1. Which of the residues belonging to the stretch A:115-128 are farther than 12 Å from A:His68 by Cβ and in contact (Cβ under 8 Å) with a residue 40 or more places away in the chain?
2. Looking at the stretch B:92-116, which of its residues are in a loop (DSSP other than H, G, I, E, B) and either on the phi < 0 side of the Ramachandran plot or in contact with a strand residue (DSSP E or B) (Cβ under 7 Å, 6 or more places away or on another chain) (or both)?
3. Against the definition (modelled with pLDDT under 90 and of a type in the set (Asp, Glu)), how does B:Asp55 come out, yes or no?
4. Considering only the stretch B:16-69, how many residues are closer than 30 Å to B:Cys105 by Cα, within 14 Å of chain A (Cβ to nearest Cβ) and acidic (Asp, Glu)?
5. Exactly one condition in (1) among the charged types (D, E, K, R); (2) open to solvent by less than 10 Å² (accessible area, probe 1.4 Å); (3) within 24 Å of B:Thr70 (Cβ to Cβ) is false for A:Glu53; which is it?
6. How many of the residues making up the stretch A:83-97 are touching a residue at least 40 places away in the same chain (Cβ under 8 Å) and under 17 Å from A:Arg50 (Cα atoms)?
7. If you go through the stretch A:91-123 one residue at a time, how many are more than 11 Å from every other protein chain (Cβ to nearest Cβ), of a type in the set (A, V, I, L, M), open to solvent by 60 Å² or more (accessible area, probe 1.4 Å) and in contact with a strand residue (DSSP E or B) (Cβ under 8 Å, 6 or more places away or on another chain)?
Amino acid sequence: MSALTLAEFFTEDAIKLVLEGKSKDDVLRELVGLLRLDRRSEEILYKMLRKRENLGSTGIGKGVAIPHCRSLMVNRLRVAFGRSPSGIEFDAIDSKLCKYFFLIVAPPLEISNQYLPVLGKVAQLCKRDEMVKRFDELASAQDFLALLQELNA
Amino acid sequence: MERQLERLILLQDLCALKRDLASQETFEQFEEMGFEIDRAERIEQAINEVVKELDEEAYEMFNWLAEKYTRPIAAVHRGVCYGCFITLPTSYYDRIRESDELATCEHCGRIIYVVD
């Protein structure tokens, strides 16, 4: 079985380098919007992400948040990336504003079992010291994809 | 989409989350990734809140199916139930697409949610 790489899951249209949201709720909605689901699916998914945040913030520190959940609203693993230039109060574990957001949503049943490995890879990637600078330098969605390819994450 | 179905879907997703967190191995994996899940008891509160908004009949149906299946609700994509992967009869599929009532798969009995 070949090792999975993050680059294979991201597409340009699910990357937004200037998030407009100013609050946690706004950013969650904006990230869900990048998945291009129908309106009702978006609403259910947003509610599920909100419930997940209530258990403990997905802001893991260093300006990174990885909101995630399983939901019937997707039939395969879906991911998105967003960057907020001004930062958002996200109740992160280090109490700092979050600027970099990875949304990860998986169906309830996943034969390929990629949800936790992808979550783990994203978390691992974001813990690297140089990543904040690299995320800040991104000028386009293509840059983000190229970064993942370069890091072979 | 019918409101009861939306709530049932949320209930199923919450139950899936509860199962994930109940697994010590999965819980530890989340912690290793850097997630602090320090309010896990809220999952039960969230489930109870959704249950309160459900009709008794819908909730009973869900519970009865939950005894048989880990996923009592299945999505339907292009006429195929993703619970049992059987193609729904065309006439039935057309009917439930237009209906606001809860529908079930004629083969596996799961509550179904038509995606496309």
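1. Within the stretch A:115-128, A:Pro117, A:Lys121, A:Leu125, A:Cys126, A:Lys127 qualify.
2. Selection gives B:Ser99, B:Asp100, B:Glu101, B:Leu102, B:Cys105, B:Glu106, B:His107, B:Cys108, B:Arg110, B:Val115, B:Asp116.
3. Taking the combined requirement at face value, the residue does not satisfy it.
4. The number of residues fulfilling the criteria is 4.
5. (3)
6. Summing the residues that are touching a residue at least 40 places away in the same chain (Cβ under 8 Å) and under 17 Å from A:Arg50 (Cα atoms) in the stretch A:83-97 gives 4.
7. 1
For (1) within 14 Å of chain B (Cβ to nearest Cβ); (2) hydrophobic (A, V, I, L, M, F, W, C); (3) open to solvent by less than 20 Å² (accessible area, probe 1.4 Å), each residue gets a yes or a no:
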{"residue": "A:Leu4", "(1), (2), (3)": "no, yes, no"}
{"residue": "A:Glu8", "(1), (2), (3)": "no, no, no"}
{"residue": "A:Lys22", "(1), (2), (3)": "no, no, no"}
{"residue": "A:Leu31", "(1), (2), (3)": "no, yes, yes"}
{"residue": "A:Ile66", "(1), (2), (3)": "yes, yes, yes"}
{"residue": "A:Cys69", "(1), (2), (3)": "yes, yes, yes"}
{"residue": "A:Leu72", "(1), (2), (3)": "yes, yes, yes"}
{"residue": "A:Glu89", "(1), (2), (3)": "no, no, no"}
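The values are calculated or read from the model by the stated rules, or taken from the named source; none is laboratory data. Just so you know, these numbers come straight off a predicted model, no measurement behind them. Counting neighbours? That spans all protein chains shown, and the Cβs are built from the backbone with ideal geometry, glycine included. Note: accessible area is taken over every heavy atom of the protein model, side chains too, but ligands, DNA and RNA are not part of it. Shrake-Rupley method; radii C 1.70, N 1.55, O 1.52, S 1.80 Å.
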